[in-house]
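Visitor: Here it is, the structure, as structure tokens.
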Amino acid sequence: MKYWLVKQEPEKYPWSQFVKDRGTYWDGVRNYQARNNLRAMAKRDLVLYYHSVSEKAVVGVAKVTREAYPDPTAKEGD
């Protein structure tokens, strides 16, 4: 099992909404390093959910529930 850090602006998608939604998916990630890290996540890995910008703190821990799949918003495969 690995541990990952994902960042999200709390004004756009706060931890409280993630909990209410009971999870989410990340699409539209175009930064190569971030995209490659998302692809490397495996089922049951743990994810530290970090609020960036205003709060700057880890606010929760989540678990990866599905292996990576192609981003439907990507053009030409990425």
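Visitor: Report D for region 3-63 in µm² per second (integer): Stokes-Einstein, Kirkwood Rh on Cα pairs, 20 °C, 1.002 mPa s. Numbers along the way, then the final one.
Guide: Working: Rh = 12.1 Å.
Calculated translational D: 177 µm²/s.
Visitor: Restricting to Cα pairs below 8 Å that are 6+ residues apart, what does the relative contact order work out to for region 21-74? Please round to a whole percent.
Guide: 37 percent
Visitor: Okay, moving on. Quick one: dipole size for region 1-60, taken about the Cα centre, charges +1 on Lys/Arg Cβ and -1 on Asp/Glu Cβ, in debye to the nearest 20.
Guide: Values: 11 positive and 6 negative charges, 56 e Å.
My answer is approximately 260 debye.
FYI, it's all coordinate maths here, none of it is from the lab. Here the structure is a predicted model, which is why all the values come from computation and not from measurement. Glycine also receives a Cβ, built like all others from the backbone with ideal geometry; neighbour counts cover every protein chain displayed.
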